[in-house]
Amino acid sequence: MITRFCAALLAASCLAGSAQADTLVDHVDGLTLNAAGAVERFNGLVIGSDGRIAQVLHSGDPRPARSDYALDAKGAVLIPGLIDAHAHVLELGFAALTLDLSDTHSLAEAQGRIAVYAAAHPDRPWIIGRGWNQESWHLGRFPTAAEIDAVVPDRPVWLERVDGHAGWANSRVLALAGITAATKDPSGGRIERLPATKGTPALRRPAGVLVDGAQGLVAKHVPPPRPEDRDLALATAQDILLSRGVTAAADMGIGIADWQAYRRAGDAGTLNIRVMAYADSIENMALIGGSGPTPWLYDDRLRLNGLKLFLDGALGSRGAWLKAPYADAATRGLPFLTETQLKNLMSRAAMDHFQVAVHAIGDAANATVLSAIEDLALTYKGDRRWRIEHAQIVDPADLPRFGQNGIIASMQPVHQTSDRAMAEARLGTSGPGAARLQGAYAWASMARVGARLAFGSDAPVERADPFAGIAAAISREGPDGTPAGGWQPQEKVSRVAALAGYTTGAAYAGFAEGRFGRLAVGERADFVVIDRDPMVVSPAEIAATKVLQSWVGGHLVWQAADTAKR
């Protein structure tokens, strides 16, 4: 069934790509969300020559009297192209092209991986990578420069933590950056230190890990990617995303060099995903957008929507800004901006109608962003769609505030399943800690008070897999099925709500509704062919969904290798 469908669609895609003709895709097992947010079943699509949906056909509907191409889907499952509402697209590509430590389970394994990679790339002046997680290693501390020196002492090695909020350097990097015991912690950052030595308690040597803003001490010394490197990273990221059914993404925190990579791909006709971009600074926002968000470019494939700001760090590096100290350390985390600074930056963007997205993970950070939005909403009227990115730990008393002022809660379901044990350690599980956990990854509570949910992956922090995200959202169980019944199960969402988070909700969060996100007349014909129906199978089966094909604008842009051979 799927074999004949894939062969027919592949042949027709090649023809339609040159002829720009109307296409009938018939006998599908299709589902989308309708304008009311309910599941709509259909069994055929008519795609116009402009790559938009011309008709959605249901059982009993007459088929067009003529079409240039008629394709029999043989009952294949077809759903809208999925949207990752929070990703780092080029970083995803670079992560696939550099040293990846995300699947290491011990420090020794990571050291072995570093040594093998360095030996395989003797020509690279720096060893660059990411993905380490001391929590997964059960190390009980951060790693040190000496532990990289033991395997690669002769070249600079710089490795980002899995969440991007800390970097691990060897001694060569610390020396190049001039980081010594006398170097002070920069604003919004922290240099991890070795224990004081006898006789010099005031001077604590850098241990090798730099948290949040301290990473900038090294970043300016790392050789920047060349334009051709960015082009390769984009091509690699597109292939990864499309292979997992992601046809559009919000790229959070781009610079002008990233924007130019998108423009080169768009000009060359190789931009196959849709990108809603958010600049990483006021300077890049103005440089790219000028006096406001850009128009949609390349047939709705690229737009600069607004600005991405950081207010705090991450739980894993204890950089998330909490109202009360961490349960496992004498710190409350690191606010990057004062409330006044935050409101000034948000106001600068809002005055030119750029959309504002603010990273906030800790409960103090979320409360501060909510207060800033409440103040700014008095001045900046209209449909602003203020975005709070992650919103992981929220004081239960602050939850109702998410239902005001049109706030978008941009959250990543898989963060909950991967962070659960670490969140309990950081926040505590009894007394005040138990109360804090009541506002952790609170998707259902957010929706109940009126926040609009948009779901994503934060790739490459997590695997860019919306099916794993849907499974997590409806079960709150990890890949191993634990804890049975789900962690904080009152925060599960329905299958429809989970699908909306990756389609209509994510489109709305990026001002893209009516363009893509549904299979409806007038919207872009972005869809994926999959091997099972996510509305009826178990969460574990949803997570195991196989994408067979991905289509954007009525064109086949990715196909699984085993189907391509048939």
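Bear in mind that the values in this text are calculations on the coordinates, not laboratory data. Quick caveat, the model's predicted, so the values are computed rather than measured. Neighbour counts are summed over all protein chains in view; Cβ atoms, including those assigned to glycine, are modelled from backbone coordinates with ideal geometry.
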- prompt: When the gyration tensor of segment 386-445 is built from Cα positions, what are the square roots of 5 times its three eigenvalues, in whole Å, from largest to smallest?
  reply: 21, 14, 7
field: On Cα atoms only, tilt of 227-243 relative to the major axis of the chain in degrees
entry: 60
message: Binning at 5 angstrom from zero up to the longest distance, how are the C-alpha pair distances of segment 478-534 distributed in percent?
response: 4, 16, 16, 21, 16, 11, 9, 6, 1
query: Any idea which of Gly469, Ala512, Ser430 is furthest toward the positive side of the dipole for segment 424-566, if Lys and Arg beta-carbons carry +1 and Asp and Glu beta-carbons -1?
result: Ala512
- prompt: Using unit Cβ charges (K, R positive; D, E negative) and no other charged atoms, how large, in debye to the nearest 20, is the dipole of segment 353-470 about its Cα centre?
  reply: 240
message: Using only Cα atoms and rounding to the nearest 10 degrees, what angle (0 to 90) does helix 339-350 make with the longest principal axis of the chain?
response: 30
message: Can you give me the angle between helix 413-427 and the longest principal axis of the chain, using Cα atoms only, in degrees from 0 to 90, rounded to the nearest 10?
response: 20
statement: Taking every DSSP bridge whose two residues both lie in the chain, the antiparallel percent to the nearest 5 is 45
field: Protection-proxy order for peptides 433-441, 452-460, each taking the mean of Cβ atoms within 10 Å per residue, highest first
entry: 452-460, 433-441
- request: Can you tell me the alpha carbon radius of gyration of the chain divided by the globular rule-of-thumb value 2.2 N^0.38 Å?
  value: 0.98
- line: Taking Rh as the Kirkwood radius computed over alpha-carbon pairs of segment 65-182 and applying Stokes-Einstein at 10 °C with viscosity 1.306 mPa s, one gets a diffusion coefficient in µm² s⁻¹ of 94
- line: Taking Lys and Arg as +1 and Asp and Glu as -1, residues besides Phe336 with C-beta under 9 Å from its C-beta add up to -2
query: Near Leu399, within a Cβ-to-Cβ distance under 12 Å, what is the net charge of the other residues, with Lys and Arg +1 and Asp and Glu -1?
result: -2
- request: Rank by packing, highest mean first: peptides 88-98, 373-383, 47-57, 358-368, with packing defined as the count of other Cβ atoms within 10 Å averaged across residues.
  value: 358-368, 88-98, 47-57, 373-383
message: Please list, ordered by chain and number, the residues whose modelled amide H lies under 5 Å from the amide H of Val77; skip anything fewer than 5 residues away on the same chain.
response: Asp29, Ile530
